[in-house]
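A quick write-up on the structure given underneath.
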Amino acid sequence: MLFQDIYRIISDKELIGYLFQGLGNTVVITVFAVLIGLFLGVAVAMVKIAAEHSKAMKIPAVICNIYTTVIRGTPVSLQLFIMVFGVLAIPGFKVYAAILTFGINSGAYVSENIRAGINSVDKGQTEAGRALGLSWGKTMRKIILPQAVKNVIPAIGNEMIALLKETSIISWIGATVGTITFDLNAAASTVNRTVVNYLASGIVAGAMYLAVVYLMILAVKLIERRLGKNERR
Amino acid sequence: MNEGKEVFFRSDDDALINVCGLYKYFGKTEVLKGVSCSIKKGEKVAIIGLSGSGKSTFLRCMNLLETPTYGEIWFENKLLTPVDPYLHADIIRKSRTYKEVRAKISAENPAFTETDADKAAISEIKAHDLLKKNEGKSYAAAIKAFYKSNFLDADLARRKIGMVFQHFNLFNNLTVLKNMTLAPVETGLYGKEEAEEKALGLLRRIGLADKADVYPATLSGGQKQRIAIVRALMMDPDVLLFDEPTSALDPEMVGEVLSLMKELANDGMTMVVVTHEMGFAKEVASRVIFIDDGVIKEENGPEEFFGEPKDERLKDFLSKVL
Ligand SMILES: Nc1ncnc2c1ncn2[C@@H]1O[C@H](COP(=O)(O)OP(=O)(O)OP(=O)(O)O)[C@@H](O)[C@H]1O
Ligand SMILES: [Mg+2]
C-alpha cells in the first residue's frame, strides 16, 4: 500500500512535477533569505565589534543588541505572522515579506556566529597587525576576517540548513506571488489530497529536503577543506 | 585615585621615546604606578622584574597597544597620548583652580615669594587632583593648542616602532613572504616588488630564503621568531620593542634568536627588551631597568646593575635568578 503510493507519486508526472516545483520555490526563498541574512549578519557583527573600540558605534551597537536579542528570543513563526499580517500587510507582498522575515531572522544568528568567529581569532593577530602600523580596518580585512571566515563556515552552513527547513512554515500563510505559489511543504499537502496517504507524500517530500540538505553539507565540507589547506601542517 | 601621584616631565630632546608619569589601571587594579623613562637613539635597554610586575604593560604602553590611564608617551618629540595637564605647569596656570589655590596660598603665607606660591599651588593641584571641575575656555584652549601642535597619530608612530612578541604572532593566513610584505605595501612604504626584494634579502640573511612561500604553521618556534623579527625590520623601524622574545621557545632554539638580536644590536638598532635572559642583558644591554610592583626601582649600566645593586628587592631578585 505504502510502496504503491510512493511509486504513484514518483511516477506521476504531474504529482512529482508539482513537488519539484515546490522544491525549487523553497530553494529560491532560502537563497534570498540567506543573502539577506549574511548581509545583515556581517554588518551587525562589525558594528558590535567596532563598538568595543569606537565611541561612535556605541548607539548603533545598542540597536544591534536589541535586534539580536528580540529575534533570537521569539519564535520565527510569530515573527512571520507579525511581518506578513502586521508590519508588511500589503496585498500580493506575502512572499517578499516572508523572505524578508527569514532573512532578518537568520541575520541575528549569523551575526552571533561571525562575532564568535572573529573573537576566536587569537588577539595576538590583531596586536601584530596594529603594531606594524596597520589601521584597525585593514587589520580586520587582511588578517582577522580571512581567519574568522574559516572558523565560522561550519556554523553558518548549519544556520543555512536550519533556514531551509524553517522556510516550510511559509505554507501556513498561504503566500503567493508570481511563480512562487507554494513551497515544498505546501506541495506535499496538495499531492496528499490526490494520493490520500500522509506517510507516502511525507516520505517523498522528506527525501527531497534531505537530498538538498545533504548537498549543502557536502558543499560546506568542500569549502572548509579548501580554506583549511593553507594552514595544514 | 590620583593621590600621591608623583609627576615629573622630562623634556629630553634627543630621546627617541619619552615616557612621562605613566599610570595604568586595569579596572581598579593599578598596574603601573608612575613610570618615567627615556630611551635614546642607539640604546639597548633591558627590562627585568618578577612576573606580574608590569613589564609587558609598560612595553605595550610605549606603542599604545595598551592605553595609558594617566601620563604621556612621546615618540621623536611627538605626543602619542592625550595631554595630561598634570605634566605641564603652564597648562595648570591657565586653570581657574590655579587662581583660587594660589590666592589662598598667598593669603595664608604672606612670606612666600611669587615663585614659592606658584610652585606650592601647582604641587597642591597635582597632589590632590583638583583639575576635575569645569575649567573654562582658556584652560581648554591651552590643552587643545598643545595637543594640536604636538600630536602624532598612533598608527603612524607604530610604523616606526617595531614590536616582537613572546608568541611570535605571525599571520596564520599568510605565507612568510606575505607576512613580511603586507604592512610595508599596505602603508605605502614600499611598492610590492621592492618589498618582496627586501623581504627575500632579509630571509637570506637569516638563512630562511627557502621558507618564503610556506605558511607559519610549518615552521619551528625559532624560525617563527626570527621571521617575526625581520617582519618588524621590513618597516625600517627606529626602535624595536621585544616582549620576552625567547620565553616561548624550546631551549635549543633560544640561541638562534638571541644571536639575531645581538646582530641587530651591533648594527646600531635601538632596542627595548623585556627578558628573563640575564646573560643577554649583561652582554648586550647598555642600560638595565628593574621594574617592581609597577615602578622603576633601579636603573643603571649593566656593570653596576649586576655588580652593585642597591635596591633590596633587586638584590633579592638577582640572588634568585643568577
Ligand atoms: N588586559 C589585562 N586585564 C587585566 N589585568 C591585566 C591585563 N594585562 C595585565 N594585567 C595584570 O597586570 C599585571 C602586570 O601584568 P604584566 O603582563 O605587565 O606583567 P609582566 O611583568 O609582563 O609579567 P610576566 O613576566 O609574567 O610577563 C598582572 O597582575 C596582570 O594580571
Ligand atoms: Mg610579560
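A short reminder: the numbers here are calculations on the coordinates, not readings from a lab. Remember, predicted model here, so these are calculated numbers, not experimental data. No Cβ is skipped: glycine too gets one built from the backbone with ideal geometry, and neighbour counts run over all protein chains shown.
The value of relative contact order for the range B:61-138, using C-alpha pairs under 8 Å at least six residues apart, is 24 percent.
Based on the convex hull around the alpha carbon atoms, the range B:60-146 presents an average projected area of 6.5 nm². What's log10 of I(q)/I(0) for the range A:2-70 at q = 0.14 Å⁻¹, Debye sum over Cα points only, no solvent? For the range A:2-70, the Cα-only Debye profile gives -0.60.
Based on the Kirkwood approach, the hydrodynamic radius assigned to the range B:131-212 is 16.2 Å, with every pair of different Cα atoms included.
Nearest-5 percent of antiparallel DSSP beta bridges in chain B? The antiparallel fraction comes to roughly 55 percent. Net charge of the neighbourhood of B:E100, taken over other residues with C-beta under 12 Å away and scored Lys/Arg +1, Asp/Glu -1, is +3. The residues A:H53, B:H128, when put in order of fewest to most other Cβ atoms within 10 Å, stand as A:H53, B:H128.
For the range B:214-254, rounded, prolate or oblate, judged on the Cα gyration tensor with a ≥ b ≥ c (square roots of eigenvalues), a/c < 1.5 rounded, else prolate if a/b > b/c? Oblate.
Remark: spin-label model distance B:L156-A:Y214 equals 6.2 nm, labels positioned 7 Å along the Cα→Cβ axis. The calculated FRET efficiency for the pair B:E263 and B:Y25, based on their C-beta separation and a Förster distance of 45 Å, comes to about 0.70.
Once the Cα atoms are used to define both axes, helix A:58-73 deviates from the longest principal axis of chain A by about 30 degrees.
Angle, helix A:2-11 long axis vs. longest principal axis of chain A, Cα atoms, 0 to 90°, nearest 10? That helix lies at roughly 80 degrees to the long axis.
Please identify the helices of chain B, taking whole runs of DSSP H, that span at least 15 Å along their own axis as judged from the Cα atoms and have a mean Kyte-Doolittle score of -1.0 or higher.
B:114-127, B:137-150, B:176-186, B:221-233, B:251-266
Computed from the mean reciprocal separation of all distinct C-alpha pairs, what Kirkwood hydrodynamic radius does the range A:69-141 have, in Å?
14.9 Å
Taken about its Cα centre, the range A:2-232 carries a charge dipole of roughly 840 debye when the Cβ of each Lys and Arg holds +1 and the Cβ of each Asp and Glu holds -1.
Relative to the 2.2 N^0.38 Å rule of thumb, the range B:131-176 has a C-alpha radius of gyration ratio of 2.06.
Can you sort B:I92, A:I10 from fewest to most other Cβ atoms within 10 Å of each residue's own Cβ?
Values: B:I92 24, A:I10 13.
Taking fewest neighbouring Cβ atoms as first place, the list is A:I10, B:I92.
The value for the range B:1-152 of Rg(Cα) / (2.2 N^0.38 Å) is 1.14.
Altogether, the Stokes-Einstein calculation at 25 °C and 0.890 mPa s, with the Kirkwood radius of the range B:151-302 over Cα pairs as Rh, returns a diffusion coefficient of 151 µm²/s. With no solvent and one point on each alpha carbon, what is the Debye value of log10 I(q)/I(0) for chain A at q = 0.09, 0.11, 0.16, 0.18 Å⁻¹? One equal scatterer on each Cα of chain A leads to -0.49, -0.68, -1.11, -1.27.
Give me the log10 of I(q) over I(0) for chain B at q = 0.07, 0.13, 0.16 Å⁻¹, as the Debye formula computes it from C-alpha points; what are the numbers? Cα-only, vacuum Debye calculation for chain B: -0.35, -1.00, -1.32. The three principal axes of the C-alpha atoms in the range A:71-204 carry coordinate ranges of 68, 35, 28 Å, sorted with the longest axis first. For chain A, the relative contact order comes to 31 percent (Cα pairs under 8 Å, sequence separation of at least 6). Size descriptors for the protein assembly as shown, from the alpha-carbon set: Rg then Dmax equal 32.2, 115 Å.
In terms of other Cβ atoms within 10 Å, B:D316, B:D84 run from fewest to most in the order B:D316, B:D84. Contact order for chain B, expressed relative to its length and based on alpha carbon pairs under 8 Å spaced 6+ residues apart, stands at 23 percent. What separates the Cα centres of the range B:107-156 and the range A:33-59 is a distance of 41 Å. The mean of 1/r over all distinct Cα pairs in the range B:195-238, once inverted, gives the Kirkwood hydrodynamic radius of 10.6 Å.
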